[in-house]
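What follows is a short report on a single structure.
The values are calculated or read from the model by the stated rules, or taken from the named source; none is laboratory data. Just so we're clear, the structure is a prediction, and the values are computed from it rather than from any experiment. Note that we place each Cβ from the backbone using ideal geometry, even for glycine, and neighbour counts take in every protein chain shown.
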Amino acid sequence: MFKTIHTISEYTSEIQSAKAALVYFSHEQCNVCKVLKPKVAELFVSEFPLVELCYVDMEKSPEIAGQNSIFAAPTLIIYFEGHESIRKSRNVNLSELATEVERPYNLLFG
């Protein structure tokens, strides 16, 4: 479901090639992330299926996290047409996230 990104060049390529992309920043020791990640995937697969789902392990790819000023896990960044549109960290409310994504998603794909 989530495509794992390992390098800055992969990250840049994915963001630029996808019309819409969600990047989930996390690491293996984050217990909140382990619970939230499948729920985010389920939400996007059912409600926003055209958004590319990407995953960055902050410990294995610290340069990507650093380049994007990611200091907390989990952090989600949603890009529309290569531009960062939404950023959520730590406490992510899925219903709020869905509401925020709905309008730009429908404008782009509607």
Residues that are at negative phi and in a loop (DSSP other than H, G, I, E, B), drawn from the range 73-110: ALA73, PRO74, ASN91, VAL92, ASN93, GLY110
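Which helices (runs of 4 or more DSSP H) sit wholly inside the range 1-72 and have at least 3 residues that are under 18 Å from SER89 (Cβ atoms), at pLDDT 95 or above and out of contact with any Asp or Glu (no Cβ under 6 Å at 6 or more places or on another chain)?
Passing ranges, in order: 31-47, 62-67.
One line per residue, one yes/no per condition, for (1) in contact (Cβ under 8 Å) with a residue 60 or more places away in the chain; (2) hydrophobic (A, V, I, L, M, F, W, C); (3) in contact with a Gly (Cβ under 7 Å, 6 or more places away or on another chain):
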{"position": "GLN16", "(1), (2), (3)": "yes, no, yes"}
{"position": "PRO38", "(1), (2), (3)": "no, no, no"}
{"position": "ALA73", "(1), (2), (3)": "no, yes, no"}
{"position": "TYR105", "(1), (2), (3)": "yes, no, no"}
Tally the residues that are touching a His at 6+ places or on another chain (Cβ under 8 Å) and of a type in the set (S, T, N, Q), restricting the search to the range 62-81. 0
Checking GLU84, GLU96 in turn, the sole residue that is under 11 Å from the mean Cα position of the chain (by Cα) and loosely packed, with under 15 Cβ neighbours inside 10 Å turns out to be GLU84
Could you identify the single residue in VAL45, VAL40, VAL23, VAL51 that is closer than 19 Å to PHE109 by Cβ, hydrophobic (A, V, I, L, M, F, W, C) and in contact with a Cys (Cβ under 6 Å, 6 or more places away or on another chain)? VAL23
Candidate set from the range 40-64 (those that are closer than 19 Å to THR7 by Cβ and touching a strand residue (DSSP E or B) at 6+ places or on another chain (Cβ under 6 Å)); member that is surrounded by the most Cβ atoms within 10 Å (Cβ to Cβ): VAL56
